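Worksheet: one structure, shown below.
FYI, it's all coordinate maths here, none of it is from the lab. Remember, predicted model here, so these are calculated numbers, not experimental data. Cβ sites come from the backbone with ideal geometry, for glycine too, and all protein chains shown count toward neighbours.
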């Protein structure tokens with residue numbers, strides 16, 4: 001059997017849900033007294049589909065204006081999704097950051113390159129760049145909001161391959177969204193569906209990508 005480590009030269013991390021703990025409920029649990037109303041708001045008003053349009057490059061101001069015209073009764077909360085966005089980001093997931101830092105420390109020994117591929121609004125990622133030095137570990141970051149492409153569209157993975165001049169068969173991609181993993185696998189990536197740092201560490205060690 002082929003040794004997977006012989007093929008893998010690059011590790012590609014998702015950011016939200018893997019390295020950063022982001023959840024709109026961190027903000028809106030402070031604003032809504034009725035949890036059912038909060039869940040309605042987050043599933044039917046400021047929904048995942050709506051938020052993904054900002055991740056794909058739409059300005060927040062445009063998205064907020066659109067929703068306020070449809071749901072004027074939620075205007076305060078819709079505006080908060082933009083103006084108080086930083087309160088949705090609890091910070092780094094320390095256990096995963098430890099894995100990333102260990103990989104970085106071993107780069108010269110194992111020859112791996114580290115990249116990030118994330119669905120994230122370019123506007124909101126400014127806060128991350130200004131406050132979290134850990135992202136400097138990555139040789140390069142592909143951000144959906146900066147290039148107008150979004151996972152699981154095949155084009156965003158292809159963009160990463162072309163920009164960094166790497167082959168998919170040489171990459172392991174780590175993401176907490178299974179649909180994103182499946183899309184990457186179809187293009188030849190080795191995929192790891194992230195569920196926690198311990199499982200990730202074991203997976204990397206199994207492939208010889210994380211040294212003791």
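Miscellaneous remarks
- Largest first and in whole Å, the equivalent-ellipsoid semi-axes of the chain read 34, 18, 15, each the square root of five times a Cα gyration tensor eigenvalue.
- Label-to-label distance, nm, for residues given as residue 94 and residue 176 (7 Å Cα→Cβ offset): 1.7
- Across region 145-212, C-alpha contacts under 8 Å between residues 6 or more apart give a mean separation that, scaled by the residue count, equals a relative contact order of 24 percent.
- Zone of residue 153's modelled label, taken as backbone nitrogen in region 183-205 under 16 Å from a point 7 Å along Cα→Cβ: 183-184
- Beta bridge orientation in the chain: antiparallel %, DSSP, nearest 5: 15
- C-alpha long axis of helix 94-105 to longest principal axis of the chain, angle in °: 40
- Region 23-89, relative contact order [Cα under 8 Å, separation at least 6], %: 48
- Calculated FRET efficiency for the pair residue 193/residue 39, C-beta based, R₀ 22 Å, to 0.05: 0.30
- Computed from Cα positions, the angle between helix 60-70 and the longest principal axis of the chain comes to roughly 40 degrees.
- Each eigenvalue of the Cα gyration tensor of region 23-89, multiplied by 5 and square-rooted, gives one semi-axis; in descending order these are 17, 14, 11 Å.
- Paramagnetic label reach from residue 48 (point 7 Å along Cα→Cβ; backbone nitrogen cut-off under 16 Å): within region 140-159, residues 150-153.
- Convex hull volume per residue in cubic angstrom - Cα atoms of region 96-207: 106
- Percentage relative contact order, region 12-142, counting C-alpha pairs under 8 Å, at least six apart: 39
- By the beta-carbon count within 10 Å of each Cβ, the least crowded to most crowded order of 36, 163, fewest first, is 36, 163.
- Relative to the longest principal axis of the Cα atoms of the chain, the long axis of helix 197-206 lies at roughly 20 degrees.
- Cα-projected label distance for residue 212 with residue 136, points at 7 Å along beta-carbon direction, nm: 3.3
- Annotation: peptides 135-148, 8-21, ranked by per-residue average of other Cβ atoms within 10 Å with the highest first, follow the order 8-21, 135-148.
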